[in-house]
Protein chains: 2
Amino acid sequence: MTDRPAAPGRSGYHHGDLRNALTRAATALAREGGPQAVVLRAAARATGVSPTAAYRHFRGQGDLLRAVKFEALARLADRMEAAGADHPGADGESVVARLRSAGRAYVRFALDEPGLFRAAFSHHPDPTASMGGARSEVPSAAEEFCPEAGAWDDRAFRLLSDVMDALLDAGLLAPERRPGAEVSAWAAVHGVAMLLLDGPLSHLSSAQAETAIVRTVDDMLRGILEAPSGETHGT
Amino acid sequence: MTDRPAAPGRSGYHHGDLRNALTRAATALAREGGPQAVVLRAAARATGVSPTAAYRHFRGQGDLLRAVKFEALARLADRMEAAGADHPGADGESVVARLRSAGRAYVRFALDEPGLFRAAFSHHPDPTASMGGARSEVPSAAEEFCPEAGAWDDRAFRLLSDVMDALLDAGLLAPERRPGAEVSAWAAVHGVAMLLLDGPLSHLSSAQAETAIVRTVDDMLRGILEAPSGETHGT
DNA sequence: CTTACATGTTGACGCTGTACACATCTTTCT
DNA sequence: AGAAAGATGTGTACAGCGTCAACATGTAAG
């Protein structure tokens with residue numbers, strides 16, 4: 001009676017919001033240390049709870065990591081949306097500025113929060129897979145966020161698609177080049193982020209990194225927006 | 001007397017080539033299972049050797065993983081070089097074909113050998129770091145390959161640089177755009193590979209993936225090669 | 001009030017990375 | 001040649017991890 005079951009207040013034995021508390025703790029672990037630091041027992045310890053208690057809310061460590069992954073993706077989307085909101089116009093210049101700003105926010109997030117970024121794009125082999133029978137288990141964290149497996153059409157992707165649509169409306173993007181334009185843009189930004197983080201560019205100074213980012217975004221933007229005059233085409 | 005100490009033959013007690021044997025075993029582990037599957041004890045077991053024997057040749061598990069990383073990077077470079085050798089010409093068309101071919105080889109490697117590719121770009125916190133004293137330990141695997149820490153100016157990067165130089169010589173790349181051109185190209189290819197592997201494009205069919213790859217490479221190539229007419233520039 | 005369920009606890013198992021002490025093979029010095 | 005020195009591999013041990021099974025404790029439904 002002191003607190004409702006769904007309320008985050010704790011009543012001594014029952015925590016009341018363990019799932020989110022564990023996700024928070026695990027995310028904090030990933031924040032410093034990356035996906036490797038997401039260790040179930042540590043998260044439980046930080047939450048003041050027994051390790052096996054986590055199994056009431058997650059299928060296991062892999063599932064916990066998956067929750068962290070979606071959490072990290074959400075924060076990444078937050079940053080991108082916030083950056084895009086600075087340029088709300090529909091004219092060509094504003095849309096391009098919005099795209100550029102979102103791209104910079106993407107890479108900036110990767111460099112500011114390397115642990116979360118790495119967790120967001122970490123790979124984990126299917127936990128508790130290859131089962132052909134009962135499914136009355138815990139919801140598995142993936143089904144919490146997206147109805148379809150594998151297709152995390154989350155806010156970041158939608159934001160990118162919207163910007164591309166705006167580019168189309170502004171007449172800067174040729175209609176026949178519209179489909180698939182998100183892929184190129186995303187790939188360039190994601191690639192430079194990864195190379196700066198764990199790749200051959202990891203030793204660059206901040207200034208050099210900024211140059212590399214701007215350069216990559218500029219190049220890709222030019223390639224996407226370039227009017228189709230028909231040249232430099234091989235196969 | 002039956003075999004020389006440096007020869008790979010085994011003499012019962014001393015293995016003779018344990019370091020490479022362990023690296024091979026660990027690489028095989030990474031090949032299926034990615035960096036997470038690189039477990040020291042398993043590699044030792046596969047080599048028929050005690051777990052602690054590995055510590056004579058590696059600083060620990062992280063160091064072993066690092067060796068796998070360099071091995072994977074070397075194999076990636078192999079593929080790129082092999083692909084580039086199909087178009088050896090110095091004329092513009094050949095150079096562009098070479099660049100495109102190398103890029104496709106890059107992504108193809110990522111999709112063919114996801115475990116190795118993930119290991120090649122895996123991140124590990126410095127093992128046995130924050131020590132301020134003696135350094136008479138095992139050479140640490142990183143110093144085996146590159147003299148300078150962090151700067152793995154390996155064959156893949158060199159190949160890309162050479163192609164960019166060739167583009168410059170062929171008159172397809174404006175000289176003021178030469179510096180940093182590798183970054184954009186690499187970022188696009190690496191990004192699309194990662195997105196196809198662990199990102200939002202992981203559920204694409206092979207045909208769709210191929211389309212995405214070609215599209216990304218085309219866009220980036222266009223952006224890099226586009227003659228500097230001075231447009232679509234913000235800041 | 002009692003029964004069923006959800007949620008958290010304790011204990012245990014096998015696995016991992018790693019440190020320490022010891023054994024054995026190889027080389028080198030006298 | 002023989003002995004000391006070093007390199008290389010073995011065995012044992014410990015803490016920490018993920019996970020399972022059995023049990024305890026709250027909460028809700030009849």
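How charged is the neighbourhood of B:A72? Take every other residue with its Cβ under 14 Å from the Cβ of B:A72, and add Lys/Arg as +1 and Asp/Glu as -1. Write down the numbers at each step before the final one.
Details: positive: B:R24, B:R31, B:R66, B:K69, B:R75, B:R79, B:R118, B:R155; negative: A:D198, B:E32, B:E71, B:D78, B:D112, B:E113, B:D154.
Around B:A72, the charge tally is +1.
In whole angstrom, note down how far apart the Cα centers of region A:168-193 and region A:35-113 are.
Here the two parts' Cα centres lie 23 Å apart.
For B:E176, tell me the accessible area in Å² from a 1.4 Å probe, rounded to the nearest 10.
120
Placing a label point 7 Å from Cα toward Cβ, how far apart in nm is B:L111 from its equivalents in the other copies, listed shortest first to one decimal?
With the label placed 7 Å along Cα→Cβ, B:L111 yields 3.2 nm.
Given the whole protein assembly as supplied and a 1.4 Å probe, what does the accessible area of B:L65 come to in Å², nearest 10?
Approximately 10 Å² of B:L65 is accessible to the 1.4 Å probe.
Other chains near B:207-217: what is the mean number of their Cβ atoms within 10 Å of each residue's Cβ? All intermediate terms of the calculation are to be shown ahead of the outcome.
Working: counts 0, 2, 0, 0, 3, 6, 2, 2, 8, 10, 4.
Per-residue shielding by partner chains comes out at 3.
Show B:D86, B:D169, B:D198, A:D165 ordered by accessible area, largest first, where the area counts protein heavy atoms only and the probe is 1.4 Å. Before the final figure, lay out the partial values.
Details: B:D86 110, B:D169 135, B:D198 20, A:D165 65 Å².
Descending order: B:D169, B:D86, A:D165, B:D198.
Among B:R45, A:R19, A:R104, what's the order by accessible area (1.4 angstrom probe), most exposed first? Intermediate results must be reported in sequence, preceding the final value.
On the way: B:R45 165, A:R19 45, A:R104 95 Å².
Largest accessible area first, the residues go B:R45, A:R104, A:R19.
Could you compute how much accessible area chains B and A hide from each other, both sides summed, with a 1.4 Å probe? Nearest 100 Å² is fine.
Working: alone 13600 and 13600 Å², together 23330 Å².
Its buried surface, counting both partners, is about 3900 Å².
Within 10 Å of each Cβ in B:58-67, how many Cβ atoms from other chains are there, averaged over the peptide?
On the way: counts 0, 0, 0, 0, 0, 0, 0, 0, 0, 0.
Across the residues of B:58-67, the mean count of other-chain Cβ atoms within 10 Å is 0.
Quick check: from the Cα gyration tensor, does region B:26-95 come out rounded (a/c under 1.5), prolate or oblate? Can you show the working numbers first?
Numbers: a/c = 3.96, a/b = 3.34, b/c = 1.18.
In terms of gyration-tensor shape, prolate.
Compute the signed sum of charges (Lys and Arg +1, Asp and Glu -1) over the other residues within less than 15 Å, Cβ to Cβ, of B:A207.
Working: positive: B:R104, B:R108, B:R215; negative: B:E210.
Charge balance in the 15 Å sphere: +2.
Can you list the copy-to-copy distances for A:E93, using a point 7 angstrom from Cα toward Cβ, in nanometres, shortest first?
Distances to the matching label points in the other copies: 4.3 nm.
Would you mind computing, in nm to one decimal, how far apart the modelled labels at B:S205 and B:V39 are, each placed 7 Å from Cα along Cα→Cβ?
For the pair B:S205/B:V39, the computed spacing is 3.8 nm.
Mind ranking B:E113, B:E71, A:E93 by accessible surface for me, highest first, 1.4 Å probe? Mind showing how you got there, number by number?
Details: B:E113 25, B:E71 60, A:E93 150 Å².
Ranked list, largest accessible area first: A:E93, B:E71, B:E113.
From the label point of B:T52, set 7 Å along Cα to the beta carbon, how far off in nm is each other copy's matching point, shortest first?
Copy-to-copy label distances at B:T52, shortest first: 3.3 nm.
Could you tell me the calculated FRET efficiency between B:A53 and A:E81, based on Cβ-Cβ distance and R0 = 60 angstrom, to the nearest 0.05?
Values: r = 53 Å, r/R0 = 0.88.
It comes to 0.70.
How far apart, in nanometres, would the label points at B:L111 and B:D165 be if each is projected 7 angstrom from Cα along the Cα-to-Cβ direction?
It is 3.2 nm.
P(r) for region B:60-124: what percent of alpha-carbon pairs falls in each 10 Å bin, starting at zero?
All Cα pairs considered, the percentages come to 23, 40, 24, 11, 2.
The values are calculated or read from the model by the stated rules, or taken from the named source; none is laboratory data. Treat the numbers as computed from the prediction; the structure is a model and nothing was measured. Here Cβ is always computed from backbone atoms with ideal geometry, including for glycine, and neighbour counts include all displayed protein chains. SASA here: full protein model, heavy atoms, side chains in, ligands and nucleic acids out. Shrake-Rupley method; radii C 1.70, N 1.55, O 1.52, S 1.80 Å.
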